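The values are calculated or read from the model by the stated rules, or taken from the named source; none is laboratory data. All of these numbers come straight from a predicted model, not from anything done at the bench. All Cβ positions, glycine included, derive from the backbone under ideal geometry; neighbour counts span all protein chains shown. These area figures cover heavy atoms from the full protein model, side chains too; ligands, DNA and RNA do not enter into them. Shrake-Rupley method; radii C 1.70, N 1.55, O 1.52, S 1.80 Å.
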Amino acid sequence: MTSAAPRGVPPAPGRRSHDGTSDATGNAAVTGLLYAAAFLLELTMLTVLALSGAAVGDGLVVRAAVGIALPVAAAAVWAVWMAPTSTHRLANPGRLVAQVGLFAVTGLLASAVLAPWVGVAFFVPATLVFGELARREKS
């Protein structure tokens, strides 16, 4: 048997109420963790793109150029259409589609150039975190 608060008494922070919703404190904490994870995944995307780019091509100059160009291009796309402070920020669900597309390209490139598990290990959590953030923004 679960110990639920009597009707009319708000649930403890992070607990679900009788109607299945979370209180503001628990919800804000989870959302904060999701935003932190999203930021780390954005940085991971840039790193994976740099490593993948550096593994492509022959010669040091080509590897350096591609290793620099890929994360710079991704950062530019992110800054214009997905960054929270962008004046041209896409609205959801368009922003989520663009984010997942960028994650998919990064994951496919990493799978092809580095190792399949690298692409999957990046793509799956990134898609889940940004999908949940989009869902929370919508509700």
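Got a sec? Which of G119, G67, G53 is assigned to a helix (DSSP H, G or I) and within 17 Å of the chain's Cα centre (by Cα)? Answer to the selection: G119.
Only one entry of A37, A29 meets the criterion of being farther than 15 Å from A110 by Cα and either modelled with pLDDT under 85 or within 15 Å of the chain's Cα centre (by Cα) (or both), and that entry is A37. Residues in region 123-139 that are of a type in the set (K, R) and either open to solvent by less than 30 Å² (accessible area, probe 1.4 Å) or free of Cβ contacts under 8 Å to residues at least 12 places away in the same chain (or both): R135 alone. Just to be sure I understand the filter: pairs with C-beta atoms under 7 Å, separated by 6 or more residues or on different chains, first member in region 51-80 and on the phi > 0 side of the Ramachandran plot, second member open to solvent by 60 Å² or more (accessible area, probe 1.4 Å). Which pairs pass? Short answer, once both residue conditions are applied: G57/R63. Scanning region 79-100 for residues that are in a helix (DSSP H, G or I) and either acidic (D, E) or surrounded by fewer than 15 Cβ atoms within 10 Å (Cβ to Cβ) (or both) yields a total of 4. For region 101-122, the tally of residues that are open to solvent by 40 Å² or more (accessible area, probe 1.4 Å) and hydrophobic (A, V, I, L, M, F, W, C) stands at 9.
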